[in-house]
Each structure stands twice: as structure tokens, then as C-alpha cells.
Amino acid sequence: MNIDQQPIDWKEIFHPKNIVLNLVGVAFITLALKGFMIPNKFLDGGIIGISILIHEITHLPFGILVLGLNIPFLFLGKALLGKTFAIQSLITFLLIAASMTFINIDAVTTDRLLIAIFGGCLIGIGMGLCIRSGSTADGVEILALLTTRKIGLNVSEVIFAMNTLLFLAAAWSFGIVTALYSIVTYFSAIKSLDYIAHGLEQYISLNIISSKSEAIKTLIVKKFGKGITIIKGERGYLPDTFDIKTDCDIIVTVVTRLELLRIKDEIKKVDPHAFMFIQYIKEASGGILRNKQKH
């Protein structure tokens, strides 16, 4: 079934957990914008940042701007991610517009560094919670996804390019210092969003090549309770001994970032010369991902 033909999942939209996540997320976004960023002319990236910029130049109501500028992206979201996502995002946009219009919050501080750090962290947490509820608080991410499919750049590169233009406009309108602090705000938001949306336990693929592979297999499975996959390979091919090679097992296991250092330390005890490299994973499911054993 085409994603645009899938029925709306009303149970998903009105699931209590999603409603709570969305409301708390919007509350954090409102606090960041009204308590830190807008009173001090600080920008975030994306549609929210564009709305702040237009609001400061034209004095049009921010709530109307953020809703109006985001609405067109709902049609892209519907086509790319389905009707359920589009409706959840519409609810988020309406909540942000309403909270920014009817809730009054005094500026918490005028200290630029505090605004950049705490304003960015709060809005990042809020947007991350909205993402976890199944929606988005900023339509530029949907536009970035569409652009990625058309020109082959990844989402981060597209968003970075869009926001570069935004911060140049901020430098022109508010001065270079405010624009530079706005960039700090944006990166604080991105980091916080990443932690909330993907969790502190972001999954990482750990790859190990070792002459003591059997002992390392036992260590990972028996001590840490992790699943492993074995890829048959060859090791060797060094510049001075290019013709010398041996068969080897490449051990692959998926761990969380909280487990990574401990597992690496234990592997080093087994084989100090083990070669390890990691790959970050956006999403993982199935298999043995979480260790429920107690050590």
C-alpha cells in the first residue's frame, strides 16, 4: 500500500504517552522561546528561526508566523511519512502557535552565554520530545528529507546549508555577535535533540578483529549478554609483509554508548592489540540489544 493511502492511526495520535510527550515538548519549546530566545533576538535553526527573524523585522505575531510557515510542509510530510505523521505534526504546530500567543513568560536572563546554552538545550529537549511523540516541531526537517532524495546530500548537510543562510541574515539584521551566539544556541539544541530523540543509549556497531577471537566471542556473549555476528575475512596485507595473510573472524556486536567503554576495556584485557572500530546506528531492532543480566 502506498504510504499516502494508509489510513490514519487515531489510536497512535491519541495514545496517552504521545499526548504527554507532545505537551511537555511544546512546554519546553515555549519556555526556551519566550524565556530566553525571542526577548534577546536569538535565533534557532529551521522554521522557528525564520519565524523569529521575520517577527523581529515585521513585528507580526510569532504564533501566526510559525504556524503559517510550517503548514505547507505538512503536505510534504503526508506524502513522505503518511497521514498520521501529518496530523500529529499539525497538532504540534497548533500547540506551539497557541502557547506562544496566549502564555506569558518573562525573560529569564539577558546573559548571552546562558541564553545560548540553556535556550538551545531547552528547545532541543522540546523538539526531541515532540519527535518521540511521532510528530515534528519544525517543517524544515521534512523539507531536508525531500531535498536529500532529490540531490543526494544527507539530511544534516541540507539543514546545515539552510541554516547557514538563516544565520547570515541574522548577522545582517541583529549584528555579528548575536548571530554567533545564535549558532551556539542552534548547536546546543541539536545536541539536546539528539539525546532526547535517540536516547542516551544510542546503538553503536562495534567491530573487532583479533587473533584471540574465540576468547572475545565468549567474553561478549557470556559476560555482557550481547549477541554477535561473525564475518569471515582475512587479515594481513601490511606494507612490509603484503603477501602474508591469515583467515580471521570479524566480530560484530551492537552495544549502547553507555556499554561501549566497558566492553572495549574488557576486550583490551584479553587482547591489547585487538583492532576495533565503531559505526553509529540510527535505529536498531530485534535480536539481543539490551542486556538484562546483572553482573
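Summary table
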{"item": "Listing of helices (runs of 4 or more DSSP H) fully contained in region 1-106 that carry 2 or more residues being in contact with a Phe, Trp or Tyr (Cβ under 9 Å, 6 or more places away or on another chain) and either surrounded by fewer than 16 Cβ atoms within 10 Å (Cβ to Cβ) or without any contact (Cβ under 8 Å) to a residue 60 or more places away in the chain (or both)", "result": "46-58, 62-81, 83-102"}
{"item": "Residue ranges of strands (runs of 3 or more DSSP E) in region 173-257 with at least 1 members crowded, with 18+ Cβ neighbours inside 10 Å and within 32 Å of the chain's Cα centre (by Cα)", "result": "203-209, 245-256"}
{"item": "The one condition in (1) under 19 Å from the mean Cα position of the chain (by Cα); (2) at pLDDT below 85 that Gly152 fails to fulfil", "result": "(1)"}
{"item": "Residues within region 232-254 that are farther than 17 Å from Ala215 by Cα and touching a Ser or Thr at 6+ places or on another chain (Cβ under 8 Å), tallied", "result": "4"}
{"item": "Qualifying residue in region 249-272 (condition: out of contact with any His (no Cβ under 9 Å at 6 or more places or on another chain), of a type in the set (Lys, Arg) and at pLDDT below 75)", "result": "yes"}
{"item": "Single residue of Ile19, Ile29 found to be in contact with a helix residue (DSSP H, G or I) (Cβ under 9 Å, 6 or more places away or on another chain) and farther than 19 Å from Asp106 by Cα", "result": "Ile19"}
{"item": "Those residues of region 258-268 which are among the aliphatic types (A, V, I, L, M), touching a strand residue (DSSP E or B) at 6+ places or on another chain (Cβ under 9 Å) and surrounded by fewer than 17 Cβ atoms within 10 Å (Cβ to Cβ), in sequence order", "result": "Leu260"}
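The values are calculated or read from the model by the stated rules, or taken from the named source; none is laboratory data. Just so we're clear, the structure is a prediction, and the values are computed from it rather than from any experiment. Quick reminder, even Gly has a Cβ in these numbers, built from the backbone with ideal geometry, and neighbours come from all protein chains shown.
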